[in-house]
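Visitor: Structure in C-alpha coordinates, see below.
The values are calculated or read from the model by the stated rules, or taken from the named source; none is laboratory data. None of the values given here were measured: they were computed from a predicted structure. As a convention, Cβ positions derive from the backbone with ideal geometry for all residues, glycine included, and neighbour counts pool all protein chains shown.
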Ligand SMILES: *Cc1c(COP(=O)(O)O)cnc(C)c1O
(Lines give C-alpha, C1' and ligand atoms only; values in the text may rest on other atoms or scores of the structure.)
Protein backbone atom coordinates (compact mmCIF):
# COMPACT_ATOMS: atom_id res chain seq x y z
CA UNK A 1 0.00 0.00 0.00
CA UNK A 2 1.43 3.35 -0.94
CA UNK A 3 1.43 6.14 1.58
CA UNK A 4 2.34 9.77 1.22
CA UNK A 5 4.07 9.70 4.54
CA UNK A 6 7.77 9.01 4.76
CA UNK A 7 8.86 5.42 4.28
CA UNK A 8 11.22 5.29 7.22
CA UNK A 9 13.04 2.10 6.27
CA UNK A 10 13.31 3.14 2.60
CA UNK A 11 14.69 6.56 3.54
CA UNK A 12 17.31 5.09 5.84
CA UNK A 13 18.35 2.60 3.18
CA UNK A 14 18.58 5.24 0.43
CA UNK A 15 20.27 7.86 2.61
CA UNK A 16 22.77 5.30 3.88
CA UNK A 17 23.50 4.16 0.33
CA UNK A 18 23.97 7.78 -0.67
CA UNK A 19 26.29 8.48 2.27
CA UNK A 20 28.43 5.43 1.43
CA UNK A 21 28.59 6.18 -2.28
CA UNK A 22 29.35 9.86 -1.76
CA UNK A 23 32.09 9.01 0.71
CA UNK A 24 33.59 6.60 -1.81
CA UNK A 25 33.25 9.21 -4.51
CA UNK A 26 35.12 11.82 -2.46
CA UNK A 27 37.84 9.35 -1.46
CA UNK A 28 38.35 8.25 -5.07
CA UNK A 29 38.36 11.86 -6.24
CA UNK A 30 40.89 12.91 -3.61
CA UNK A 31 43.11 10.05 -4.79
CA UNK A 32 42.83 11.46 -8.30
CA UNK A 33 40.77 8.59 -9.70
CA UNK A 34 38.11 9.37 -12.27
CA UNK A 35 37.77 12.65 -14.13
CA UNK A 36 37.74 16.14 -12.63
CA UNK A 37 34.91 17.08 -14.97
CA UNK A 38 32.65 15.33 -17.42
CA UNK A 39 30.09 17.01 -19.61
CA UNK A 40 28.41 14.51 -21.90
CA UNK A 41 25.78 16.11 -24.14
CA UNK A 42 22.35 16.62 -22.55
CA UNK A 43 20.66 13.97 -24.72
CA UNK A 44 23.06 11.33 -23.46
CA UNK A 45 22.74 12.52 -19.86
CA UNK A 46 18.94 12.37 -20.03
CA UNK A 47 19.14 8.82 -21.41
CA UNK A 48 21.74 7.55 -18.96
CA UNK A 49 19.85 8.94 -16.00
CA UNK A 50 16.48 7.76 -17.34
CA UNK A 51 15.08 11.21 -16.69
CA UNK A 52 11.92 11.11 -18.75
CA UNK A 53 11.11 7.56 -17.78
CA UNK A 54 11.42 8.33 -14.07
CA UNK A 55 9.16 11.35 -14.45
CA UNK A 56 6.53 9.38 -16.29
CA UNK A 57 6.62 6.22 -14.24
CA UNK A 58 8.06 7.04 -10.81
CA UNK A 59 8.81 4.10 -8.57
CA UNK A 60 12.37 4.93 -7.62
CA UNK A 61 13.47 3.03 -4.53
CA UNK A 62 16.73 2.74 -2.64
CA UNK A 63 18.51 0.31 -5.00
CA UNK A 64 17.34 2.24 -8.08
CA UNK A 65 18.40 5.48 -6.42
CA UNK A 66 21.89 4.08 -5.83
CA UNK A 67 22.18 3.15 -9.50
CA UNK A 68 20.87 6.57 -10.52
CA UNK A 69 23.41 8.22 -8.24
CA UNK A 70 26.30 6.41 -9.93
CA UNK A 71 25.26 7.88 -13.28
CA UNK A 72 24.63 11.29 -11.72
CA UNK A 73 28.13 11.31 -10.26
CA UNK A 74 29.59 10.46 -13.67
CA UNK A 75 27.96 13.45 -15.38
CA UNK A 76 29.33 16.50 -13.61
CA UNK A 77 32.31 18.18 -12.05
CA UNK A 78 34.16 16.67 -9.18
CA UNK A 79 35.26 19.49 -6.92
CA UNK A 80 37.23 17.22 -4.59
CA UNK A 81 39.55 16.08 -7.40
CA UNK A 82 43.14 17.42 -7.47
CA UNK A 83 42.59 18.43 -11.09
CA UNK A 84 39.52 20.54 -10.20
CA UNK A 85 41.30 23.86 -10.58
CA UNK A 86 38.84 25.90 -12.62
CA UNK A 87 36.60 27.93 -10.43
CA UNK A 88 36.09 29.31 -6.95
CA UNK A 89 33.56 26.65 -6.07
CA UNK A 90 34.33 25.03 -2.71
CA UNK A 91 35.10 21.39 -2.03
CA UNK A 92 32.47 21.16 0.72
CA UNK A 93 33.53 19.94 4.12
CA UNK A 94 31.66 17.34 6.18
CA UNK A 95 29.83 19.87 8.37
CA UNK A 96 28.39 21.77 5.42
CA UNK A 97 27.31 18.56 3.73
CA UNK A 98 25.43 17.51 6.86
CA UNK A 99 23.75 20.92 7.05
CA UNK A 100 22.40 20.39 3.53
CA UNK A 101 21.02 17.03 4.60
CA UNK A 102 19.30 18.57 7.63
CA UNK A 103 17.80 21.32 5.53
CA UNK A 104 16.54 18.84 2.97
CA UNK A 105 14.53 17.10 5.65
CA UNK A 106 13.56 19.86 8.04
CA UNK A 107 13.04 22.85 5.75
CA UNK A 108 13.12 25.62 8.31
CA UNK A 109 12.99 28.82 6.26
CA UNK A 110 14.37 30.91 9.05
CA UNK A 111 13.83 34.47 7.83
CA UNK A 112 11.10 34.53 10.42
CA UNK A 113 12.23 33.39 13.84
CA UNK A 114 9.16 31.31 14.49
CA UNK A 115 10.06 29.21 11.42
CA UNK A 116 13.42 28.10 12.71
CA UNK A 117 14.70 29.38 16.03
CA UNK A 118 17.88 27.30 15.88
CA UNK A 119 18.71 28.23 12.28
CA UNK A 120 17.91 31.93 12.83
CA UNK A 121 20.07 32.08 15.93
CA UNK A 122 22.89 30.28 14.14
CA UNK A 123 22.79 32.86 11.32
CA UNK A 124 22.86 35.63 13.91
CA UNK A 125 25.88 34.17 15.68
CA UNK A 126 27.74 33.36 12.46
CA UNK A 127 27.20 36.92 11.15
CA UNK A 128 28.37 38.30 14.49
CA UNK A 129 31.54 36.21 14.12
CA UNK A 130 32.12 37.55 10.59
CA UNK A 131 31.58 41.15 11.72
CA UNK A 132 34.17 40.64 14.44
CA UNK A 133 36.70 39.33 11.91
CA UNK A 134 36.16 42.38 9.72
CA UNK A 135 36.97 44.43 12.79
CA UNK A 136 33.54 45.80 13.62
CA UNK A 137 31.57 45.85 16.84
CA UNK A 138 28.56 43.56 16.33
CA UNK A 139 26.52 45.90 18.55
CA UNK A 140 26.67 48.74 16.03
CA UNK A 141 27.42 46.99 12.73
CA UNK A 142 25.12 44.54 11.02
CA UNK A 143 24.80 41.83 8.46
CA UNK A 144 22.72 39.13 6.91
CA UNK A 145 23.36 35.98 4.90
CA UNK A 146 22.12 35.83 1.33
CA UNK A 147 21.84 33.26 -1.43
CA UNK A 148 25.13 34.25 -3.03
CA UNK A 149 27.53 37.08 -3.54
CA UNK A 150 25.56 38.60 -6.41
CA UNK A 151 22.58 39.17 -4.16
CA UNK A 152 24.91 40.39 -1.44
CA UNK A 153 26.39 42.91 -3.89
CA UNK A 154 22.95 44.19 -4.84
CA UNK A 155 22.07 44.50 -1.17
CA UNK A 156 25.24 46.44 -0.35
CA UNK A 157 24.73 48.86 -3.23
CA UNK A 158 21.08 49.31 -2.23
CA UNK A 159 22.32 50.24 1.23
CA UNK A 160 24.74 52.74 -0.32
CA UNK A 161 21.95 54.24 -2.37
CA UNK A 162 19.59 54.40 0.60
CA UNK A 163 22.10 56.30 2.70
CA UNK A 164 22.84 58.88 0.05
CA UNK A 165 19.60 59.05 -1.94
CA UNK A 166 16.94 57.89 0.54
CA UNK A 167 14.16 59.39 -1.56
CA UNK A 168 14.94 56.89 -4.35
CA UNK A 169 12.84 54.23 -2.65
CA UNK A 170 9.61 56.24 -2.99
CA UNK A 171 10.35 58.57 -5.86
CA UNK A 172 12.52 56.43 -8.10
CA UNK A 173 16.15 56.90 -8.94
CA UNK A 174 17.28 60.39 -9.93
CA UNK A 175 19.51 60.65 -13.00
CA UNK A 176 23.24 61.09 -12.70
CA UNK A 177 24.17 58.67 -9.93
CA UNK A 178 27.41 56.75 -10.38
CA UNK A 179 29.29 53.75 -9.00
CA UNK A 180 33.05 53.60 -9.49
CA UNK A 181 34.80 50.27 -9.90
CA UNK A 182 37.90 48.88 -11.59
CA UNK A 183 37.45 46.77 -14.74
CA UNK A 184 38.26 43.69 -12.62
CA UNK A 185 35.08 44.14 -10.58
CA UNK A 186 32.83 41.09 -10.76
CA UNK A 187 29.98 41.38 -13.25
CA UNK A 188 27.60 41.20 -10.29
CA UNK A 189 28.48 44.87 -9.73
CA UNK A 190 27.48 45.93 -13.26
CA UNK A 191 24.30 43.90 -12.96
CA UNK A 192 23.38 45.47 -9.63
CA UNK A 193 23.95 48.96 -11.05
CA UNK A 194 21.60 48.25 -13.94
CA UNK A 195 19.04 46.40 -11.83
CA UNK A 196 18.93 49.35 -9.43
CA UNK A 197 17.92 51.55 -12.31
CA UNK A 198 21.10 53.61 -12.42
CA UNK A 199 21.75 52.63 -16.03
CA UNK A 200 24.79 50.74 -17.25
CA UNK A 201 26.63 53.98 -18.00
CA UNK A 202 26.55 54.85 -14.30
CA UNK A 203 29.31 52.30 -13.73
CA UNK A 204 32.48 54.32 -14.17
CA UNK A 205 35.81 52.49 -14.55
CA UNK A 206 38.63 53.41 -12.21
CA UNK A 207 42.18 53.70 -13.49
CA UNK A 208 44.25 50.58 -12.86
CA UNK A 209 47.92 49.60 -13.01
CA UNK A 210 49.52 46.90 -15.16
CA UNK A 211 48.15 44.10 -12.97
CA UNK A 212 44.69 45.70 -13.02
CA UNK A 213 44.81 47.00 -9.46
CA UNK A 214 43.15 50.32 -8.62
CA UNK A 215 45.65 53.22 -8.66
CA UNK A 216 44.72 54.89 -5.35
CA UNK A 217 46.51 58.11 -6.31
CA UNK A 218 44.13 58.41 -9.30
CA UNK A 219 40.89 57.70 -7.41
CA UNK A 220 40.40 61.34 -6.40
CA UNK A 221 40.74 62.39 -10.03
CA UNK A 222 38.26 59.68 -11.05
CA UNK A 223 35.70 60.97 -8.56
CA UNK A 224 36.32 64.56 -9.66
CA UNK A 225 35.90 63.62 -13.33
CA UNK A 226 32.60 61.88 -12.59
CA UNK A 227 31.38 64.96 -10.71
CA UNK A 228 32.55 67.27 -13.47
CA UNK A 229 30.51 65.17 -15.89
CA UNK A 230 27.43 65.86 -13.75
CA UNK A 231 27.40 62.56 -11.89
CA UNK A 232 27.10 61.88 -8.19
CA UNK A 233 29.23 58.89 -7.08
CA UNK A 234 27.29 56.91 -4.47
CA UNK A 235 29.80 54.07 -4.08
CA UNK A 236 33.26 52.84 -4.96
CA UNK A 237 33.83 49.10 -5.27
CA UNK A 238 37.20 47.62 -4.31
CA UNK A 239 37.58 43.89 -5.05
CA UNK A 240 39.44 41.96 -2.34
CA UNK A 241 40.56 40.03 -4.16
CA UNK A 242 39.70 40.35 -7.86
CA UNK A 243 38.02 37.29 -9.34
CA UNK A 244 40.26 37.18 -12.42
CA UNK A 245 43.68 38.00 -10.97
CA UNK A 246 43.32 37.00 -7.31
CA UNK A 247 45.06 40.26 -6.36
CA UNK A 248 44.18 42.56 -3.48
CA UNK A 249 43.82 46.33 -3.46
CA UNK A 250 45.54 48.99 -1.34
CA UNK A 251 42.45 49.38 0.85
CA UNK A 252 43.86 51.95 3.33
CA UNK A 253 44.82 54.33 0.52
CA UNK A 254 41.46 53.84 -1.22
CA UNK A 255 39.62 54.30 2.08
CA UNK A 256 41.46 57.61 2.65
CA UNK A 257 40.15 58.99 -0.63
CA UNK A 258 36.63 57.69 -0.07
CA UNK A 259 36.54 59.23 3.40
CA UNK A 260 37.85 62.58 2.12
CA UNK A 261 35.35 62.61 -0.75
CA UNK A 262 32.38 61.23 1.18
CA UNK A 263 31.98 58.21 -1.11
CA UNK A 264 30.68 54.89 0.24
CA UNK A 265 33.41 52.23 0.13
CA UNK A 266 32.19 48.76 -0.74
CA UNK A 267 34.81 46.02 -0.35
CA UNK A 268 33.96 43.00 -2.46
CA UNK A 269 35.50 40.27 -0.36
CA UNK A 270 33.35 37.54 -1.92
CA UNK A 271 36.45 35.51 -2.58
CA UNK A 272 39.20 37.02 -0.48
CA UNK A 273 37.62 37.98 2.85
CA UNK A 274 38.25 34.42 4.02
CA UNK A 275 41.93 35.32 4.31
CA UNK A 276 40.86 37.15 7.49
CA UNK A 277 40.99 33.72 9.13
CA UNK A 278 44.63 33.15 8.24
CA UNK A 279 47.02 35.16 10.44
CA UNK A 280 49.82 34.96 7.86
CA UNK A 281 47.62 36.39 5.11
CA UNK A 282 45.12 38.70 6.72
CA UNK A 283 47.36 41.71 6.09
CA UNK A 284 46.07 41.56 2.50
CA UNK A 285 42.78 42.89 3.88
CA UNK A 286 44.24 45.63 6.05
CA UNK A 287 41.84 48.55 5.92
CA UNK A 288 38.73 46.44 5.32
CA UNK A 289 37.36 47.76 8.63
CA UNK A 290 37.12 51.20 7.03
CA UNK A 291 34.62 49.96 4.43
CA UNK A 292 30.98 50.96 4.64
CA UNK A 293 29.95 47.54 3.33
CA UNK A 294 31.63 44.20 2.73
CA UNK A 295 30.48 41.01 1.07
CA UNK A 296 31.95 37.61 1.83
CA UNK A 297 31.13 34.22 0.27
CA UNK A 298 31.47 31.18 2.51
CA UNK A 299 30.82 28.95 -0.50
CA UNK A 300 34.22 29.82 -1.89
CA UNK A 301 37.06 29.52 0.63
CA UNK A 302 35.04 28.48 3.69
CA UNK A 303 34.04 25.16 2.17
CA UNK A 304 30.26 25.30 2.16
CA UNK A 305 28.18 24.13 -0.76
CA UNK A 306 26.54 26.82 -2.90
CA UNK A 307 25.29 29.14 -1.60
CA UNK A 308 26.21 30.94 1.60
CA UNK A 309 27.20 34.59 1.38
CA UNK A 310 27.20 37.50 3.79
CA UNK A 311 26.56 41.19 3.32
CA UNK A 312 27.99 43.20 6.19
CA UNK A 313 27.66 46.91 6.93
CA UNK A 314 29.65 49.06 9.33
CA UNK A 315 26.49 50.83 10.54
CA UNK A 316 23.78 48.27 11.17
CA UNK A 317 20.95 50.65 10.32
CA UNK A 318 22.23 50.94 6.74
CA UNK A 319 20.97 47.44 6.04
CA UNK A 320 17.39 48.10 7.10
CA UNK A 321 17.61 51.41 5.28
CA UNK A 322 18.17 49.45 2.07
CA UNK A 323 14.66 47.99 2.29
CA UNK A 324 12.28 50.67 3.45
CA UNK A 325 9.08 48.88 2.87
CA UNK A 326 5.86 48.19 4.70
CA UNK A 327 4.97 44.56 5.18
CA UNK A 328 2.87 44.62 8.30
CA UNK A 329 1.82 40.98 8.12
CA UNK A 330 5.29 39.92 9.11
CA UNK A 331 6.85 42.96 10.72
CA UNK A 332 4.17 43.67 13.31
CA UNK A 333 5.80 42.00 16.25
CA UNK A 334 8.77 44.18 17.08
CA UNK A 335 8.88 42.99 20.65
CA UNK A 336 8.66 39.30 19.75
CA UNK A 337 10.92 36.63 21.12
CA UNK A 338 13.39 36.30 18.27
CA UNK A 339 15.35 37.83 15.45
CA UNK A 340 13.42 38.52 12.26
CA UNK A 341 15.59 39.43 9.34
CA UNK A 342 13.07 40.02 6.56
CA UNK A 343 13.70 43.75 6.72
CA UNK A 344 17.38 43.28 5.89
CA UNK A 345 17.33 40.99 2.85
CA UNK A 346 15.97 40.58 -0.66
CA UNK A 347 14.68 37.08 0.02
CA UNK A 348 11.40 36.29 1.73
CA UNK A 349 11.74 32.54 2.21
CA UNK A 350 15.41 31.75 2.82
CA UNK A 351 17.28 28.53 3.42
CA UNK A 352 19.13 28.14 6.75
CA UNK A 353 22.44 28.72 5.02
CA UNK A 354 24.28 29.79 8.15
CA UNK A 355 24.09 26.22 9.43
CA UNK A 356 26.51 25.14 6.70
CA UNK A 357 29.16 27.59 7.78
CA UNK A 358 28.47 26.96 11.44
CA UNK A 359 28.93 23.20 11.16
CA UNK A 360 32.17 23.66 9.22
CA UNK A 361 33.39 25.85 12.05
CA UNK A 362 32.08 23.43 14.63
CA UNK A 363 33.94 20.55 13.00
CA UNK A 364 37.34 22.19 12.50
CA UNK A 365 37.21 25.31 14.63
CA UNK A 366 38.06 28.72 13.26
CA UNK A 367 41.72 27.89 13.56
CA UNK A 368 41.32 24.73 11.53
CA UNK A 369 39.38 26.54 8.83
CA UNK A 370 42.02 29.29 8.86
CA UNK A 371 44.72 26.67 8.36
CA UNK A 372 42.83 25.34 5.34
CA UNK A 373 42.66 28.86 3.84
CA UNK A 374 46.35 29.50 4.50
CA UNK A 375 47.23 26.08 3.12
CA UNK A 376 45.45 26.74 -0.17
CA UNK A 377 47.01 30.19 -0.55
CA UNK A 378 50.45 28.73 0.15
CA UNK A 379 49.83 25.85 -2.26
CA UNK A 380 48.96 28.36 -4.98
CA UNK A 381 52.33 29.99 -4.36
CA UNK A 382 54.14 26.64 -4.60
CA UNK A 383 52.31 25.81 -7.82
CA UNK A 384 53.24 29.23 -9.17
CA UNK A 385 56.89 28.52 -8.36
CA UNK A 386 56.70 25.12 -10.07
CA UNK A 387 55.25 26.70 -13.21
CA UNK A 388 57.84 29.49 -13.13
CA UNK A 389 60.59 26.85 -13.01
CA UNK A 390 59.33 25.14 -16.19
CA UNK A 391 60.66 26.32 -19.51
CA UNK A 392 57.82 27.07 -21.92
CA UNK A 393 55.50 28.70 -19.39
CA UNK A 394 55.06 32.29 -18.35
CA UNK A 395 53.78 33.56 -14.98
CA UNK A 396 53.01 37.04 -13.64
CA UNK A 397 54.02 38.14 -10.12
CA UNK A 398 53.44 35.49 -7.40
CA UNK A 399 49.80 34.98 -6.36
CA UNK A 400 48.36 36.71 -3.31
CA UNK A 401 45.41 34.34 -2.88
CA UNK A 402 44.61 30.82 -4.08
CA UNK A 403 44.00 32.16 -7.62
CA UNK A 404 46.94 32.15 -10.04
CA UNK A 405 47.56 32.84 -13.69
CA UNK A 406 49.97 31.40 -16.22
CA UNK A 407 50.41 31.15 -19.98
CA UNK A 408 51.93 28.80 -22.47
CA UNK A 409 54.89 30.80 -23.69
CA UNK A 410 55.14 31.59 -27.38
CA UNK A 411 51.45 30.79 -27.93
CA UNK A 412 48.79 33.34 -28.81
CA UNK A 413 45.54 33.99 -26.95
CA UNK A 414 43.55 31.59 -29.11
CA UNK A 415 45.97 28.79 -28.23
CA UNK A 416 45.52 29.45 -24.49
CA UNK A 417 41.78 29.00 -24.93
CA UNK A 418 42.33 25.88 -26.99
CA UNK A 419 44.55 24.40 -24.27
CA UNK A 420 41.78 24.84 -21.74
CA UNK A 421 39.19 23.29 -24.01
CA UNK A 422 41.32 20.27 -24.84
CA UNK A 423 42.01 19.65 -21.17
CA UNK A 424 38.33 19.86 -20.36
CA UNK A 425 37.45 17.43 -23.15
CA UNK A 426 39.95 14.98 -21.62
CA UNK A 427 38.42 15.49 -18.20
CA UNK A 428 41.48 15.00 -15.99
CA UNK A 429 41.95 18.73 -15.46
CA UNK A 430 39.35 21.43 -15.21
CA UNK A 431 40.94 24.88 -15.47
CA UNK A 432 39.62 28.32 -16.39
CA UNK A 433 41.01 31.34 -18.20
CA UNK A 434 40.81 35.11 -17.89
CA UNK A 435 41.80 38.17 -19.86
CA UNK A 436 44.08 40.37 -17.78
CA UNK A 437 45.70 43.55 -19.06
CA UNK A 438 44.66 42.70 -22.59
CA UNK A 439 46.06 39.17 -22.69
CA UNK A 440 44.40 35.77 -22.22
CA UNK A 441 45.81 33.77 -19.31
CA UNK A 442 45.12 30.28 -18.06
CA UNK A 443 43.78 30.47 -14.52
CA UNK A 444 43.90 28.06 -11.60
CA UNK A 445 41.92 28.26 -8.37
CA UNK A 446 43.51 26.00 -5.78
CA UNK A 447 40.55 24.95 -3.68
CA UNK A 448 40.40 21.16 -3.30
CA UNK A 449 42.54 19.92 -0.40
CA UNK A 450 43.90 17.28 -2.80
CA UNK A 451 45.28 19.80 -5.31
CA UNK A 452 49.06 19.91 -4.93
CA UNK A 453 52.32 20.52 -6.76
CA UNK A 454 52.34 16.97 -8.12
CA UNK A 455 48.92 17.54 -9.70
CA UNK A 456 50.16 20.81 -11.17
CA UNK A 457 53.23 19.06 -12.60
CA UNK A 458 50.94 16.50 -14.24
CA UNK A 459 48.89 19.37 -15.65
CA UNK A 460 52.00 20.96 -17.16
CA UNK A 461 53.11 17.59 -18.59
CA UNK A 462 49.70 17.25 -20.18
CA UNK A 463 49.82 20.73 -21.67
CA UNK A 464 53.30 20.06 -23.07
CA UNK A 465 52.02 16.86 -24.68
CA UNK A 466 49.03 18.51 -26.38
CA UNK A 467 49.22 18.47 -30.17
C1 LIG B 1 32.27 35.04 -6.92
C2 LIG B 1 32.31 36.51 -6.79
C3 LIG B 1 31.14 37.26 -6.80
C4 LIG B 1 29.77 36.67 -7.05
O5 LIG B 1 29.40 35.80 -6.04
P6 LIG B 1 28.31 34.63 -6.30
O7 LIG B 1 28.23 34.02 -4.95
O8 LIG B 1 28.90 33.75 -7.34
O9 LIG B 1 27.05 35.27 -6.73
C10 LIG B 1 31.25 38.63 -6.58
N11 LIG B 1 32.46 39.20 -6.42
C12 LIG B 1 33.61 38.51 -6.44
C13 LIG B 1 34.91 39.22 -6.24
C14 LIG B 1 33.58 37.13 -6.65
O15 LIG B 1 34.72 36.45 -6.70
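Visitor: State yes or no: is residue 223 assigned to a strand (DSSP E or B), in contact with a strand residue (DSSP E or B) (Cβ under 6 Å, 6 or more places away or on another chain) and more than 15 Å from the ligand (Cβ to nearest atom)?
Guide: no
Visitor: Let me ask another. Is it the case that residue 259 is within 15 Å of the ligand (Cβ to nearest atom), modelled with pLDDT of 95 or more and either within 15 Å of residue 291 (Cα to Cα) or part of a strand (DSSP E or B) (or both)?
Guide: When the stated conditions are applied, residue 259 does not pass them.
Visitor: Any chance you could count how many residues in the range 226-241 are within 16 Å of the ligand (Cβ to nearest atom) and either more than 20 Å from residue 288 (Cβ to Cβ) or at pLDDT below 95 (or both)?
Guide: Going through the range 226-241 one residue at a time, the tally reaches 0.
Visitor: List every residue pair whose Cβ atoms lie under 9 Å apart, where the two residues are 6 or more positions apart in sequence or sit on different chains, the first residue falls within the range 43-67 and is loosely packed, with under 11 Cβ neighbours inside 10 Å, and the second residue, located anywhere, is part of a helix (DSSP H, G or I).
Guide: Every condition considered, the pairs that remain are 52/46.
Visitor: With the structure loaded, tell me whether residue 166 is at pLDDT below 95, more than 15 Å from the ligand (Cβ to nearest atom) and assigned to a loop (DSSP other than H, G, I, E, B) or whether it fails that test.
Guide: So residue 166 passes the test.
Visitor: Check the range 139-153 and report whether any residue there is surrounded by 16 or more Cβ atoms within 10 Å (Cβ to Cβ), touching a residue at least 40 places away in the same chain (Cβ under 8 Å), over 16 Å from residue 273 (Cα atoms) and more than 21 Å from the chain's Cα centre (by Cα).
Guide: Yes.
Visitor: Is it the case that some residue within the range 114-133 is in contact with a strand residue (DSSP E or B) (Cβ under 7 Å, 6 or more places away or on another chain) and either within 16 Å of the ligand (Cβ to nearest atom) or modelled with pLDDT under 95 (or both)?
Guide: yes
Visitor: Can you confirm whether residue 414 is more than 30 Å from residue 121 (Cβ to Cβ) and assigned to a helix (DSSP H, G or I)?
Guide: When the stated conditions are applied, residue 414 passes them.
Visitor: Return the only residue of 442, 423, 460 being modelled with pLDDT of 95 or more, within 13 Å of residue 407 (Cβ to Cβ) and crowded, with 23+ Cβ neighbours inside 10 Å.
Guide: Being modelled with pLDDT of 95 or more, within 13 Å of residue 407 (Cβ to Cβ) and crowded, with 23+ Cβ neighbours inside 10 Å holds for just one of 442, 423, 460, which is 442.
Visitor: Can you tell me which residue among 160, 190 is more than 23 Å from residue 344 (Cβ to Cβ) and either out of contact with any helix residue (DSSP H, G or I) (no Cβ under 6 Å at 6 or more places or on another chain) or not in a helix (DSSP H, G or I) (or both)?
Guide: 190
Residue by residue, here is whether (1) assigned to a loop (DSSP other than H, G, I, E, B); (2) modelled with pLDDT of 95 or more; (3) under 17 Å from residue 299 (Cβ atoms); (4) under 21 Å from the mean Cα position of the chain (by Cα) holds:
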{"site": "355", "(1), (2), (3), (4)": "no, yes, yes, yes"}
{"site": "360", "(1), (2), (3), (4)": "no, yes, yes, yes"}
{"site": "366", "(1), (2), (3), (4)": "no, yes, no, yes"}
{"site": "373", "(1), (2), (3), (4)": "no, yes, yes, yes"}
{"site": "376", "(1), (2), (3), (4)": "no, yes, yes, yes"}
{"site": "384", "(1), (2), (3), (4)": "no, yes, no, no"}
{"site": "387", "(1), (2), (3), (4)": "no, yes, no, no"}
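Visitor: Could you grab me the full set of residues in the range 306-322 that are within 13 Å of the ligand (Cβ to nearest atom) and either over 10 Å from the mean Cα position of the chain (by Cα) or not in a loop (DSSP other than H, G, I, E, B) (or both)?
Guide: Of everything in the range 306-322, those that are within 13 Å of the ligand (Cβ to nearest atom) and either over 10 Å from the mean Cα position of the chain (by Cα) or not in a loop (DSSP other than H, G, I, E, B) (or both) turn out to be 309, 310, 311.
Visitor: Something else about it: Within the group 173, 179, which residue is surrounded by fewer than 24 Cβ atoms within 10 Å (Cβ to Cβ), over 19 Å from the mean Cα position of the chain (by Cα), in contact (Cβ under 8 Å) with a residue 12 or more places away in the chain and more than 11 Å from the ligand (Cβ to nearest atom)?
Guide: 173
Visitor: Now for a separate question. Could we say that residue 192 is closer than 19 Å to residue 285 by Cβ, at pLDDT 95 or above, within 16 Å of the ligand (Cβ to nearest atom) and crowded, with 22+ Cβ neighbours inside 10 Å here?
Guide: Answer is no for this residue.
Visitor: Could I ask something else about it? Which number in (1) over 26 Å from residue 86 (Cβ atoms); (2) more than 14 Å from the ligand (Cβ to nearest atom) marks the one condition that residue 288 misses?
Guide: With (1) over 26 Å from residue 86 (Cβ atoms); (2) more than 14 Å from the ligand (Cβ to nearest atom) applied to residue 288, the lone miss is (2).
Visitor: Working carefully through the options 378, 371, 394, find the one that is surrounded by 13 or more Cβ atoms within 10 Å (Cβ to Cβ), farther than 26 Å from residue 76 by Cα and touching a strand residue (DSSP E or B) at 6+ places or on another chain (Cβ under 8 Å).
Guide: 394
Visitor: Is it the case that residue 244 is within 17 Å of residue 380 (Cβ to Cβ), within 20 Å of the chain's Cα centre (by Cα), within 13 Å of the ligand (Cβ to nearest atom) and in a helix (DSSP H, G or I)?
Guide: It is false that residue 244 is within 17 Å of residue 380 (Cβ to Cβ), within 20 Å of the chain's Cα centre (by Cα), within 13 Å of the ligand (Cβ to nearest atom) and in a helix (DSSP H, G or I).
Visitor: Which of (1) within 16 Å of the ligand (Cβ to nearest atom); (2) at pLDDT 95 or above; (3) over 26 Å from residue 219 (Cβ atoms) does residue 270 not meet, given it meets every other one?
Guide: The one condition residue 270 does not meet is (3).
Visitor: Check off (1) surrounded by 12 or more Cβ atoms within 10 Å (Cβ to Cβ); (2) within 18 Å of residue 423 (Cβ to Cβ) for residue 21 and give me the number that stays unchecked.
Guide: (2)
Visitor: Just to be sure I understand the filter: pairs with C-beta atoms under 6 Å, separated by 6 or more residues or on different chains, first member in the range 18-39 and under 25 Å from residue 459 (Cβ atoms), second member part of a helix (DSSP H, G or I). Which pairs pass?
Guide: From the range 18-39, the pairs are 25/73; 34/28.
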